[in-house]
Amino acid sequence: MRTNGLTSWLVNPGVVLTIPTSGTTGMRHPEKADWWTVVDKVFVRKTTAIVTDIDTGITFKVYRYGGTNHADVEPATASDASKMLQIYGEWSWTRRAVMVNVNGRVFAGSMNGMPHGGQDIYNNNFDGHFCIHFLNSRTHGTNRVDEAHQAAVNKAAAFTY
């Protein structure tokens, strides 16, 4: 059947049509959102998020322990710490590009994988917390924007999921 020069396709009975939406896989990027004006207000202390490592696709849950200049987080469970260790191989300060899903909002971030400092969770096989940085976040030690973290944030923001 032709309509105005275009082919019109008929659908047979019983066939289910899938109509893509803006949230369809392969069409979105994580938000490259400012730490100070957006992320810190959405990813508040004592909440959980889902972290996905861009390079491996490994996903695990974190709990925001604290942090002012960036998010200080802990793996939520021992299983989550095990997944994190699978990403790194050994605990490391190396920055990794990640997506951080907080109640359906997905932010571009950068994590390190080194346990340090305080903690709230003591049965997760992770002695301390680790850091997740976002656009314009700063380190605690120097109170400066860390270029390596920002490069990983940019990498995460360019990722299509």
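Given 0.36 nm per residue, what is the gain on full extension from residue 27 to residue 105 after removing their alpha carbon distance, in nm?
26.6 nm
Which order do 70, 140 take by accessible area at a 1.4 Å probe, largest first?
Ranked list, largest accessible area first: 140, 70.
If I model a spin label as a point 7 Å beyond the Cα along the Cα-Cβ vector, how far apart are those points for residue 145 and residue 85 in nm?
Placing both labels 7 Å beyond Cα along the Cβ direction yields 3.6 nm.
Which of the lysines could a cross-linker bridge to residue 83, judged by Cα under 23 Å and excluding same-chain residues fewer than eight apart?
Qualifying lysines at Cα under 23 Å: 46, 61, 155.
Just by accessible area at a 1.4 angstrom probe, what is the order of 88, 122 from largest to smallest?
So, going from the largest accessible area down, we get 122, 88.
The values are calculated or read from the model by the stated rules, or taken from the named source; none is laboratory data. Model, not experiment: these values are computed from the prediction. Every residue, glycine as well, gets a Cβ built from its backbone with ideal geometry; the counts of neighbours run over all protein chains shown. These area figures cover heavy atoms from the full protein model, side chains too; ligands, DNA and RNA do not enter into them. Shrake-Rupley method; radii C 1.70, N 1.55, O 1.52, S 1.80 Å.
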